[in-house]
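Working notes for the structure below.
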Amino acid sequence: MEKKTKKATKPSRNDSESTIWSFLTQKGTTASFICITLFAILVRIAVSIHPYSGAGTPPKYGDYEAQRHWMEITLNLPVREWYRNSTVNDLKYWGLDYPPLTAYQSYIHGLFLRYFDPQSVELYTSRGYESYIGKLLMRWTVLLSDVLIFFPAVIYFIIVYYSGIHEGSKSGRLWHFAMILLNPCLILIDHGHFQYNCISLGFTVAAVSAILSDRDIVGSILFSLALNHKQMSAYFAPAIFGYLFGKCLRRHNPFLEVLKLGLAVLGTFTVLWWPYLYSLEAPFEVLSRLAPFERGIYEDYVANFWCTTSVIVKWKRLFSTQALRILSLVSTVSTCLPSMVLLILAPSRRNFLFGLLSSALSFYFFSFQVHEKSILLPLLPASFLAIDEPLIFRWLTYFALLSMFPLLRRDELILPYVALYGLFVLLYNAPVQREDTRQTRSPFTTLKYFVIACSLLLHIVYFMITPPRRYPFLFEAVMMLLCFSQFFFIFMYTNMKQWELLKLSSQTVREKKNI
(Lines give C-alpha, C1' and ligand atoms only; values in the text may rest on other atoms or scores of the structure.)
Protein backbone atom coordinates (compact mmCIF):
# COMPACT_ATOMS: atom_id res chain seq x y z
CA MET A 1 0.00 0.00 0.00
CA GLU A 2 1.43 3.27 -1.09
CA LYS A 3 2.07 5.77 1.65
CA LYS A 4 0.88 9.27 0.90
CA THR A 5 3.13 12.14 1.91
CA LYS A 6 2.24 15.76 2.56
CA LYS A 7 4.46 18.70 2.01
CA ALA A 8 5.22 20.37 5.32
CA THR A 9 4.24 24.00 5.45
CA LYS A 10 5.37 26.55 7.96
CA PRO A 11 2.41 27.92 9.94
CA SER A 12 1.78 31.60 9.45
CA ARG A 13 1.61 34.10 12.32
CA ASN A 14 -2.18 34.28 11.94
CA ASP A 15 -2.40 30.49 12.10
CA SER A 16 -0.40 30.33 15.34
CA GLU A 17 -2.45 33.13 16.91
CA SER A 18 -5.63 31.39 15.82
CA THR A 19 -4.38 28.18 17.45
CA ILE A 20 -3.85 29.95 20.77
CA TRP A 21 -7.26 31.61 20.71
CA SER A 22 -8.94 28.41 19.47
CA PHE A 23 -8.11 26.72 22.78
CA LEU A 24 -11.36 28.33 23.90
CA THR A 25 -13.30 28.79 20.67
CA GLN A 26 -12.89 25.31 19.20
CA LYS A 27 -14.97 23.86 22.02
CA GLY A 28 -18.75 23.94 22.11
CA THR A 29 -20.37 27.34 22.46
CA THR A 30 -21.89 26.51 25.85
CA ALA A 31 -18.59 25.23 27.23
CA SER A 32 -16.79 28.34 25.99
CA PHE A 33 -19.31 30.67 27.59
CA ILE A 34 -19.03 28.74 30.86
CA CYS A 35 -15.22 29.00 30.79
CA ILE A 36 -15.35 32.77 30.30
CA THR A 37 -18.00 33.13 33.00
CA LEU A 38 -15.98 31.13 35.53
CA PHE A 39 -12.85 33.12 34.69
CA ALA A 40 -14.77 36.39 35.15
CA ILE A 41 -15.94 35.20 38.58
CA LEU A 42 -12.38 34.21 39.50
CA VAL A 43 -11.08 37.66 38.53
CA ARG A 44 -13.75 39.32 40.68
CA ILE A 45 -12.82 37.15 43.66
CA ALA A 46 -9.13 37.99 43.19
CA VAL A 47 -9.88 41.73 43.19
CA SER A 48 -12.16 41.46 46.23
CA ILE A 49 -9.35 40.30 48.54
CA HIS A 50 -7.78 43.77 48.25
CA PRO A 51 -8.76 46.83 50.34
CA TYR A 52 -12.04 48.69 49.90
CA SER A 53 -13.08 52.33 50.04
CA GLY A 54 -12.45 53.93 53.43
CA ALA A 55 -10.93 50.85 55.07
CA GLY A 56 -9.78 51.81 58.56
CA THR A 57 -10.33 55.55 58.07
CA PRO A 58 -12.85 56.90 60.61
CA PRO A 59 -15.06 58.77 61.24
CA LYS A 60 -17.08 58.21 58.03
CA TYR A 61 -14.92 55.55 56.38
CA GLY A 62 -16.12 55.23 52.74
CA ASP A 63 -18.54 53.61 50.29
CA TYR A 64 -18.14 50.22 51.96
CA GLU A 65 -19.44 51.67 55.23
CA ALA A 66 -22.23 53.50 53.38
CA GLN A 67 -23.53 50.25 51.89
CA ARG A 68 -23.25 48.43 55.24
CA HIS A 69 -25.00 51.30 57.03
CA TRP A 70 -27.93 51.15 54.60
CA MET A 71 -28.35 47.48 55.44
CA GLU A 72 -28.34 48.43 59.13
CA ILE A 73 -30.99 51.12 58.62
CA THR A 74 -33.33 49.12 56.38
CA LEU A 75 -33.22 46.10 58.72
CA ASN A 76 -33.90 47.97 61.94
CA LEU A 77 -36.25 50.81 60.98
CA PRO A 78 -39.74 50.86 59.40
CA VAL A 79 -39.74 51.50 55.65
CA ARG A 80 -41.21 54.99 56.14
CA GLU A 81 -38.21 55.97 58.26
CA TRP A 82 -35.51 54.95 55.80
CA TYR A 83 -35.18 58.38 54.18
CA ARG A 84 -36.18 60.47 57.20
CA ASN A 85 -33.72 62.18 59.53
CA SER A 86 -34.04 61.12 63.18
CA THR A 87 -31.99 60.38 66.29
CA VAL A 88 -31.41 56.79 65.09
CA ASN A 89 -31.06 57.67 61.40
CA ASP A 90 -28.68 60.58 61.05
CA LEU A 91 -28.83 61.42 57.34
CA LYS A 92 -25.52 63.24 57.63
CA TYR A 93 -23.91 59.87 58.34
CA TRP A 94 -24.33 58.10 55.01
CA GLY A 95 -28.07 58.66 54.72
CA LEU A 96 -29.80 56.76 51.93
CA ASP A 97 -29.49 58.80 48.74
CA TYR A 98 -30.58 56.29 46.09
CA PRO A 99 -34.11 55.28 44.97
CA PRO A 100 -36.26 52.67 46.76
CA LEU A 101 -34.95 49.64 44.85
CA THR A 102 -31.49 50.24 46.36
CA ALA A 103 -33.12 50.33 49.79
CA TYR A 104 -34.90 47.02 49.14
CA GLN A 105 -31.64 45.52 47.89
CA SER A 106 -29.92 46.72 51.07
CA TYR A 107 -32.65 45.08 53.15
CA ILE A 108 -32.21 41.71 51.39
CA HIS A 109 -28.43 41.84 51.72
CA GLY A 110 -28.85 42.90 55.35
CA LEU A 111 -30.82 39.73 56.04
CA PHE A 112 -27.91 37.76 54.60
CA LEU A 113 -25.41 39.55 56.86
CA ARG A 114 -27.60 39.28 59.95
CA TYR A 115 -27.90 35.52 59.53
CA PHE A 116 -24.12 34.98 59.60
CA ASP A 117 -22.85 38.03 61.52
CA PRO A 118 -25.59 39.87 63.49
CA GLN A 119 -23.14 42.38 64.97
CA SER A 120 -22.40 43.80 61.53
CA VAL A 121 -25.91 45.25 61.15
CA GLU A 122 -26.92 46.16 64.69
CA LEU A 123 -28.57 49.56 64.88
CA TYR A 124 -26.16 52.38 65.70
CA THR A 125 -23.57 50.20 67.49
CA SER A 126 -22.37 48.71 64.19
CA ARG A 127 -21.12 52.03 62.80
CA GLY A 128 -17.65 51.59 61.36
CA TYR A 129 -17.90 47.82 61.86
CA GLU A 130 -14.94 46.11 60.21
CA SER A 131 -14.04 42.45 60.53
CA TYR A 132 -12.78 39.66 58.31
CA ILE A 133 -16.15 37.86 58.26
CA GLY A 134 -17.94 41.17 57.67
CA LYS A 135 -15.78 41.98 54.68
CA LEU A 136 -16.20 38.45 53.32
CA LEU A 137 -20.00 38.61 53.58
CA MET A 138 -20.17 42.09 52.04
CA ARG A 139 -17.97 40.99 49.15
CA TRP A 140 -20.23 37.97 48.60
CA THR A 141 -23.30 40.20 48.31
CA VAL A 142 -21.65 42.07 45.43
CA LEU A 143 -20.48 38.88 43.71
CA LEU A 144 -23.91 37.25 43.99
CA SER A 145 -25.60 40.40 42.65
CA ASP A 146 -23.18 40.42 39.73
CA VAL A 147 -23.66 36.74 38.88
CA LEU A 148 -27.45 36.78 39.30
CA ILE A 149 -28.21 40.04 37.46
CA PHE A 150 -25.34 41.37 35.35
CA PHE A 151 -24.06 38.05 33.96
CA PRO A 152 -27.44 36.78 32.64
CA ALA A 153 -28.17 40.22 31.18
CA VAL A 154 -24.90 40.15 29.22
CA ILE A 155 -25.66 36.66 27.89
CA TYR A 156 -29.10 37.92 26.84
CA PHE A 157 -27.49 40.86 25.04
CA ILE A 158 -25.01 38.64 23.15
CA ILE A 159 -27.83 36.34 22.01
CA VAL A 160 -29.96 39.27 20.81
CA TYR A 161 -27.09 41.22 19.24
CA TYR A 162 -25.78 38.32 17.16
CA SER A 163 -29.19 37.09 16.10
CA GLY A 164 -30.51 40.37 14.70
CA ILE A 165 -27.90 43.14 14.44
CA HIS A 166 -24.50 41.65 13.75
CA GLU A 167 -23.49 38.44 12.05
CA GLY A 168 -20.21 37.61 13.72
CA SER A 169 -17.98 34.57 13.98
CA LYS A 170 -18.09 32.33 17.01
CA SER A 171 -14.75 33.65 18.23
CA GLY A 172 -16.06 37.21 17.79
CA ARG A 173 -19.09 36.50 19.95
CA LEU A 174 -16.97 34.99 22.69
CA TRP A 175 -14.54 37.91 22.53
CA HIS A 176 -17.43 40.37 22.80
CA PHE A 177 -18.87 38.44 25.76
CA ALA A 178 -15.48 38.48 27.50
CA MET A 179 -14.98 42.20 26.87
CA ILE A 180 -18.26 43.10 28.57
CA LEU A 181 -17.92 40.69 31.50
CA LEU A 182 -14.26 41.54 32.13
CA ASN A 183 -14.61 45.30 31.92
CA PRO A 184 -11.79 46.40 34.25
CA CYS A 185 -13.51 49.60 35.37
CA LEU A 186 -16.68 47.91 36.59
CA ILE A 187 -14.74 45.16 38.37
CA LEU A 188 -12.43 47.63 40.12
CA ILE A 189 -15.29 49.84 41.32
CA ASP A 190 -17.73 47.12 42.41
CA HIS A 191 -15.34 44.47 43.72
CA GLY A 192 -12.47 46.73 44.73
CA HIS A 193 -13.74 50.17 45.74
CA PHE A 194 -17.10 48.58 46.73
CA GLN A 195 -20.43 49.40 45.11
CA TYR A 196 -23.36 47.64 43.44
CA ASN A 197 -23.27 49.19 39.96
CA CYS A 198 -23.66 45.68 38.53
CA ILE A 199 -27.34 45.73 39.53
CA SER A 200 -28.44 48.94 37.80
CA LEU A 201 -26.15 48.28 34.82
CA GLY A 202 -27.44 44.71 34.63
CA PHE A 203 -31.03 45.93 34.45
CA THR A 204 -29.94 48.42 31.77
CA VAL A 205 -28.25 45.71 29.69
CA ALA A 206 -31.38 43.56 29.96
CA ALA A 207 -33.58 46.53 29.04
CA VAL A 208 -31.50 47.35 25.95
CA SER A 209 -31.53 43.68 24.92
CA ALA A 210 -35.31 43.45 25.29
CA ILE A 211 -35.80 46.65 23.28
CA LEU A 212 -33.46 45.43 20.53
CA SER A 213 -35.54 42.24 20.29
CA ASP A 214 -38.76 44.33 20.01
CA ARG A 215 -39.96 43.48 23.52
CA ASP A 216 -40.50 47.15 24.23
CA ILE A 217 -42.82 46.78 27.22
CA VAL A 218 -40.43 44.37 28.94
CA GLY A 219 -37.56 46.72 28.13
CA SER A 220 -39.45 49.67 29.63
CA ILE A 221 -40.09 47.75 32.85
CA LEU A 222 -36.45 46.67 33.11
CA PHE A 223 -35.19 50.20 32.53
CA SER A 224 -37.61 51.46 35.18
CA LEU A 225 -35.97 48.99 37.58
CA ALA A 226 -32.56 50.40 36.65
CA LEU A 227 -33.78 53.96 37.28
CA ASN A 228 -35.20 52.94 40.64
CA HIS A 229 -31.94 51.35 41.68
CA LYS A 230 -29.65 54.23 40.74
CA GLN A 231 -30.89 57.57 39.47
CA MET A 232 -27.76 57.87 37.30
CA SER A 233 -29.41 55.37 34.95
CA ALA A 234 -31.19 58.49 33.67
CA TYR A 235 -28.02 59.00 31.60
CA PHE A 236 -29.62 56.57 29.12
CA ALA A 237 -33.19 57.91 29.35
CA PRO A 238 -33.10 60.34 26.36
CA ALA A 239 -31.79 57.63 24.03
CA ILE A 240 -34.29 55.02 25.20
CA PHE A 241 -37.16 57.49 25.01
CA GLY A 242 -36.11 58.72 21.54
CA TYR A 243 -35.75 55.22 20.12
CA LEU A 244 -39.02 53.89 21.56
CA PHE A 245 -40.94 57.03 20.59
CA GLY A 246 -39.52 56.85 17.05
CA LYS A 247 -40.63 53.21 16.79
CA CYS A 248 -44.12 54.04 18.10
CA LEU A 249 -44.57 56.80 15.49
CA ARG A 250 -44.01 54.25 12.73
CA ARG A 251 -46.65 51.81 13.93
CA HIS A 252 -50.32 51.55 13.03
CA ASN A 253 -51.60 53.21 16.20
CA PRO A 254 -48.84 55.41 17.72
CA PHE A 255 -50.98 56.72 20.58
CA LEU A 256 -51.86 53.23 21.78
CA GLU A 257 -48.21 52.12 21.60
CA VAL A 258 -47.05 55.12 23.64
CA LEU A 259 -49.87 54.55 26.13
CA LYS A 260 -48.85 50.90 26.68
CA LEU A 261 -45.25 51.87 27.35
CA GLY A 262 -46.32 54.70 29.64
CA LEU A 263 -48.56 52.41 31.67
CA ALA A 264 -45.75 49.84 31.99
CA VAL A 265 -43.39 52.50 33.36
CA LEU A 266 -46.04 54.05 35.62
CA GLY A 267 -47.04 50.65 36.97
CA THR A 268 -43.43 49.72 37.78
CA PHE A 269 -42.81 53.02 39.57
CA THR A 270 -46.07 52.68 41.51
CA VAL A 271 -45.16 49.22 42.80
CA LEU A 272 -41.66 50.28 43.85
CA TRP A 273 -42.73 53.56 45.43
CA TRP A 274 -45.90 52.20 47.06
CA PRO A 275 -44.60 52.46 50.66
CA TYR A 276 -44.06 56.20 50.06
CA LEU A 277 -47.40 57.03 48.45
CA TYR A 278 -49.31 57.32 51.72
CA SER A 279 -49.10 61.12 51.63
CA LEU A 280 -48.17 63.96 49.27
CA GLU A 281 -45.06 64.85 51.29
CA ALA A 282 -43.54 61.35 51.51
CA PRO A 283 -42.45 60.97 47.85
CA PHE A 284 -40.87 64.43 47.90
CA GLU A 285 -39.05 63.49 51.08
CA VAL A 286 -37.42 60.63 49.17
CA LEU A 287 -36.81 62.73 46.06
CA SER A 288 -34.98 65.36 48.09
CA ARG A 289 -32.45 62.68 49.06
CA LEU A 290 -31.87 61.71 45.43
CA ALA A 291 -30.60 65.16 44.40
CA PRO A 292 -27.63 66.04 46.65
CA PHE A 293 -27.17 69.60 45.40
CA GLU A 294 -25.32 70.55 48.55
CA ARG A 295 -22.32 68.45 47.43
CA GLY A 296 -21.58 70.79 44.54
CA ILE A 297 -21.64 70.42 40.78
CA TYR A 298 -18.80 67.85 40.76
CA GLU A 299 -16.69 65.82 43.18
CA ASP A 300 -12.89 65.63 43.36
CA TYR A 301 -11.20 65.69 39.95
CA VAL A 302 -13.64 64.23 37.45
CA ALA A 303 -12.99 64.49 33.70
CA ASN A 304 -16.20 66.34 32.81
CA PHE A 305 -16.85 69.84 31.47
CA TRP A 306 -17.39 71.64 34.78
CA CYS A 307 -14.33 70.30 36.51
CA THR A 308 -12.05 70.65 33.48
CA THR A 309 -13.03 74.25 32.75
CA SER A 310 -12.83 75.16 36.46
CA VAL A 311 -9.09 75.56 35.90
CA ILE A 312 -10.04 78.80 34.11
CA VAL A 313 -13.63 79.50 35.27
CA LYS A 314 -14.22 79.08 39.00
CA TRP A 315 -17.83 77.92 38.68
CA LYS A 316 -18.38 77.28 42.40
CA ARG A 317 -17.16 80.76 43.34
CA LEU A 318 -18.85 82.72 40.56
CA PHE A 319 -22.30 81.10 40.64
CA SER A 320 -24.74 80.06 43.33
CA THR A 321 -25.90 76.45 43.59
CA GLN A 322 -29.28 77.42 42.14
CA ALA A 323 -27.66 79.11 39.12
CA LEU A 324 -25.40 76.09 38.54
CA ARG A 325 -28.39 73.77 38.71
CA ILE A 326 -30.14 75.70 35.93
CA LEU A 327 -26.95 76.00 33.88
CA SER A 328 -26.29 72.30 34.25
CA LEU A 329 -29.84 71.38 33.25
CA VAL A 330 -29.80 73.60 30.15
CA SER A 331 -26.38 72.31 29.08
CA THR A 332 -27.31 68.66 29.55
CA VAL A 333 -30.62 68.93 27.69
CA SER A 334 -29.18 70.98 24.82
CA THR A 335 -26.31 68.52 24.23
CA CYS A 336 -28.34 65.31 24.40
CA LEU A 337 -31.35 66.70 22.49
CA PRO A 338 -29.80 66.41 18.97
CA SER A 339 -29.01 62.75 19.56
CA MET A 340 -32.54 62.08 20.83
CA VAL A 341 -34.09 63.83 17.81
CA LEU A 342 -31.89 61.78 15.47
CA LEU A 343 -33.18 58.62 17.14
CA ILE A 344 -36.78 59.72 16.67
CA LEU A 345 -36.13 60.46 12.99
CA ALA A 346 -34.11 57.28 12.33
CA PRO A 347 -34.86 54.66 15.01
CA SER A 348 -32.51 51.93 13.82
CA ARG A 349 -30.89 49.49 16.22
CA ARG A 350 -27.38 50.63 15.40
CA ASN A 351 -28.39 54.26 15.82
CA PHE A 352 -29.89 53.31 19.17
CA LEU A 353 -26.56 51.99 20.47
CA PHE A 354 -24.72 55.14 19.34
CA GLY A 355 -27.49 57.22 20.92
CA LEU A 356 -27.00 55.47 24.27
CA LEU A 357 -23.29 56.36 24.23
CA SER A 358 -23.92 59.95 23.13
CA SER A 359 -26.62 60.51 25.75
CA ALA A 360 -24.52 59.02 28.55
CA LEU A 361 -21.56 61.23 27.65
CA SER A 362 -23.81 64.32 27.58
CA PHE A 363 -24.90 63.63 31.14
CA TYR A 364 -21.36 62.80 32.22
CA PHE A 365 -20.08 66.11 30.83
CA PHE A 366 -22.79 68.49 31.96
CA SER A 367 -25.10 67.05 34.63
CA PHE A 368 -24.99 68.08 38.27
CA GLN A 369 -22.97 66.16 40.87
CA VAL A 370 -20.82 63.89 38.71
CA HIS A 371 -18.02 61.81 40.21
CA GLU A 372 -15.26 59.61 38.76
CA LYS A 373 -17.32 56.42 38.92
CA SER A 374 -19.96 57.90 36.60
CA ILE A 375 -17.78 57.02 33.60
CA LEU A 376 -19.08 53.45 34.02
CA LEU A 377 -22.32 54.57 32.36
CA PRO A 378 -20.84 55.68 28.99
CA LEU A 379 -18.58 52.62 29.09
CA LEU A 380 -21.59 50.29 28.96
CA PRO A 381 -22.89 51.29 25.48
CA ALA A 382 -19.28 51.54 24.27
CA SER A 383 -18.91 47.86 25.18
CA PHE A 384 -22.10 47.10 23.21
CA LEU A 385 -20.32 48.51 20.15
CA ALA A 386 -16.99 46.78 20.88
CA ILE A 387 -17.04 44.47 17.86
CA ASP A 388 -18.05 47.19 15.37
CA GLU A 389 -16.29 50.19 16.94
CA PRO A 390 -13.37 48.54 18.78
CA LEU A 391 -11.15 51.62 18.74
CA ILE A 392 -13.82 53.71 20.47
CA PHE A 393 -14.35 50.98 23.04
CA ARG A 394 -10.64 50.56 23.68
CA TRP A 395 -9.99 54.29 23.82
CA LEU A 396 -12.81 54.98 26.24
CA THR A 397 -11.70 52.09 28.48
CA TYR A 398 -8.07 53.25 28.58
CA PHE A 399 -8.95 56.77 29.59
CA ALA A 400 -11.78 55.73 31.90
CA LEU A 401 -9.16 53.74 33.80
CA LEU A 402 -6.83 56.73 33.86
CA SER A 403 -9.62 59.04 35.08
CA MET A 404 -10.28 56.68 38.03
CA PHE A 405 -6.62 56.12 38.84
CA PRO A 406 -6.35 58.73 41.67
CA LEU A 407 -9.47 57.29 43.33
CA LEU A 408 -8.20 53.71 43.09
CA ARG A 409 -4.79 54.73 44.41
CA ARG A 410 -6.43 56.22 47.50
CA ASP A 411 -8.17 52.87 47.96
CA GLU A 412 -4.80 51.06 47.64
CA LEU A 413 -5.99 49.16 44.57
CA ILE A 414 -2.90 49.69 42.43
CA LEU A 415 -2.05 45.99 42.06
CA PRO A 416 -5.51 44.96 40.76
CA TYR A 417 -5.53 48.14 38.63
CA VAL A 418 -2.31 47.15 36.86
CA ALA A 419 -3.35 43.50 36.59
CA LEU A 420 -6.74 44.29 35.05
CA TYR A 421 -5.22 46.90 32.75
CA GLY A 422 -2.83 44.23 31.44
CA LEU A 423 -5.60 41.63 31.19
CA PHE A 424 -7.71 44.03 29.15
CA VAL A 425 -4.84 44.69 26.73
CA LEU A 426 -4.24 40.95 26.28
CA LEU A 427 -7.91 40.10 25.73
CA TYR A 428 -8.49 43.06 23.45
CA ASN A 429 -5.65 41.95 21.16
CA ALA A 430 -6.93 38.39 20.84
CA PRO A 431 -6.98 37.36 17.13
CA VAL A 432 -10.60 38.15 16.38
CA GLN A 433 -11.87 39.73 13.18
CA ARG A 434 -12.82 43.29 14.10
CA GLU A 435 -13.07 46.53 12.26
CA ASP A 436 -9.67 47.79 13.49
CA THR A 437 -7.86 44.58 12.45
CA ARG A 438 -8.62 45.43 8.82
CA GLN A 439 -7.39 49.00 9.04
CA THR A 440 -4.08 50.08 7.56
CA ARG A 441 -1.67 52.55 9.10
CA SER A 442 -3.11 56.06 9.03
CA PRO A 443 -1.77 59.55 9.86
CA PHE A 444 -3.59 59.29 13.21
CA THR A 445 -1.58 56.23 14.28
CA THR A 446 1.36 58.30 15.48
CA LEU A 447 -0.94 60.65 17.40
CA LYS A 448 -2.71 57.66 18.93
CA TYR A 449 0.52 56.16 20.22
CA PHE A 450 1.64 59.56 21.51
CA VAL A 451 -1.53 59.99 23.58
CA ILE A 452 -1.18 56.46 24.99
CA ALA A 453 2.46 57.20 25.87
CA CYS A 454 1.34 60.37 27.69
CA SER A 455 -1.21 58.44 29.73
CA LEU A 456 1.36 55.81 30.72
CA LEU A 457 3.86 58.55 31.60
CA LEU A 458 1.28 60.21 33.84
CA HIS A 459 0.97 57.00 35.84
CA ILE A 460 4.72 56.98 36.45
CA VAL A 461 4.89 60.69 37.27
CA TYR A 462 2.00 60.33 39.72
CA PHE A 463 3.97 57.68 41.61
CA MET A 464 7.51 59.02 41.39
CA ILE A 465 7.25 62.80 41.64
CA THR A 466 5.82 64.96 44.41
CA PRO A 467 3.73 67.87 43.07
CA PRO A 468 4.57 71.47 44.04
CA ARG A 469 3.16 72.61 47.39
CA ARG A 470 1.29 75.41 45.68
CA TYR A 471 -0.43 72.94 43.32
CA PRO A 472 -0.90 69.71 45.31
CA PHE A 473 -3.42 68.33 42.78
CA LEU A 474 -1.46 69.25 39.66
CA PHE A 475 -1.15 65.70 38.34
CA GLU A 476 -4.83 64.95 38.92
CA ALA A 477 -5.69 68.09 36.95
CA VAL A 478 -3.44 67.04 34.04
CA MET A 479 -5.03 63.57 34.01
CA MET A 480 -8.45 65.18 34.02
CA LEU A 481 -7.60 67.44 31.06
CA LEU A 482 -6.21 64.56 29.02
CA CYS A 483 -9.18 62.28 29.75
CA PHE A 484 -11.74 65.00 29.04
CA SER A 485 -10.18 65.71 25.63
CA GLN A 486 -10.44 62.04 24.68
CA PHE A 487 -13.99 61.65 26.01
CA PHE A 488 -15.06 64.74 24.06
CA PHE A 489 -13.54 63.32 20.87
CA ILE A 490 -15.62 60.15 21.35
CA PHE A 491 -18.72 62.25 22.02
CA MET A 492 -18.27 64.15 18.73
CA TYR A 493 -17.62 60.92 16.86
CA THR A 494 -20.81 59.24 18.12
CA ASN A 495 -22.90 62.25 17.12
CA MET A 496 -21.29 62.22 13.67
CA LYS A 497 -22.12 58.52 13.29
CA GLN A 498 -25.74 59.23 14.18
CA TRP A 499 -25.94 61.91 11.47
CA GLU A 500 -24.48 59.42 8.97
CA LEU A 501 -27.06 56.82 9.94
CA LEU A 502 -29.84 59.40 9.50
CA LYS A 503 -28.60 60.19 5.98
CA LEU A 504 -28.37 56.48 5.19
CA SER A 505 -31.91 55.93 6.48
CA SER A 506 -33.25 58.83 4.37
CA GLN A 507 -31.48 57.51 1.29
CA THR A 508 -32.94 54.03 1.83
CA VAL A 509 -36.46 55.49 2.13
CA ARG A 510 -36.03 57.44 -1.11
CA GLU A 511 -34.79 54.35 -2.94
CA LYS A 512 -37.80 52.35 -1.76
CA LYS A 513 -40.15 55.07 -3.01
CA ASN A 514 -38.47 55.03 -6.42
CA ILE A 515 -38.92 51.27 -6.85
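The values are calculated or read from the model by the stated rules, or taken from the named source; none is laboratory data. What you see is a predicted model, and the numbers here were worked out from it, not measured in a lab. Here the Cβ positions follow ideal geometry from the backbone for every residue, glycine too, while neighbour counts run over all protein chains shown. All accessible areas refer to the heavy atoms of the entire protein, side chains included, with ligands and DNA or RNA removed. Shrake-Rupley method; radii C 1.70, N 1.55, O 1.52, S 1.80 Å.
Tabulated data
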quantity: Segment 196-272: relative contact order in percent, alpha carbon pairs under 8 Å with at least 6 residues between; calculated: 31 percent
quantity: For segment 196-272, size of Cβ-based charge dipole, Lys and Arg +1, Asp and Glu -1, in debye; calculated: 80 debye
quantity: Reduced Cα scattering model of the chain, Debye log10 I(q)/I(0), q = 0.14 Å⁻¹; calculated: -1.69
quantity: Around residue 483: net Lys/Arg minus Asp/Glu count, Cβ-Cβ under 11 Å; calculated: -2
quantity: Residues of segment 381-398 with amide N under 15 Å of the 7 Å Cα→Cβ point at residue 425; calculated: 394-395, 397-398
quantity: Solvent exposure, largest accessible area first (probe 1.4 Å, DNA, RNA and ligands not counted), of 375, 465; calculated: 465, 375
quantity: Diffusion coefficient, µm² s⁻¹, Stokes-Einstein with Kirkwood Rh over alpha-carbon pairs of segment 196-272 at 37 °C and 0.692 mPa s; calculated: 264 µm²/s
quantity: Estimated FRET transfer efficiency (residue 125, residue 478; beta-carbon r; R0 51 Å; 0.05); calculated: 0.70
quantity: Most to least accessible of 97, 300 (protein chains only, probe 1.4 Å); calculated: 300, 97
quantity: Simple label model, 7 Å out from Cα along Cβ direction - residue 327 to residue 465, nm; calculated: 3.1 nm
quantity: Residue-normalised accessible area of segment 196-272, given per residue in Å² at a 1.4 Å probe; calculated: 37 Å²
quantity: Charge sum, other residues only, whose C-beta stays under 14 Å from residue 358's C-beta, Lys/Arg counted +1 and Asp/Glu -1; calculated: 0
quantity: Förster radius 41 Å - calculated FRET efficiency between residue 112 and residue 258, Cβ distance, rounded to 0.05; calculated: 0.50
quantity: Given 12 as the ceiling on other Cβ atoms within 10 Å, longest exposed-site-free region of the chain for trypsin sites (Lys or Arg not before Pro) in DSSP loops; calculated: 93-249
quantity: The chain - charge dipole about Cα centre, Lys and Arg +1 at Cβ, Asp and Glu -1, debye rounded to 20; calculated: 1520 debye
quantity: Dipole of the chain, positive direction: furthest Cα of 296, 398, 261, with charges on the beta-carbon; calculated: 398
quantity: Neighbourhood net charge (12 Å Cβ-Cβ; Lys/Arg +1, Asp/Glu -1) for residue 88; calculated: -2
quantity: Within the chain, helix-based [θ] at 222 nm, where runs of 4 or more DSSP H residues each add -39,500 (n - 2.57), nearest 500; calculated: -21500 deg cm²/dmol
quantity: Approximate spin-label separation residue 492-residue 45, in nm, with each point projected 7 Å along Cα-to-Cβ; calculated: 4.7 nm
quantity: Rounded percent of accessible protein surface that carbon and sulfur make up, segment 196-272, 1.4 Å probe; calculated: 76 percent
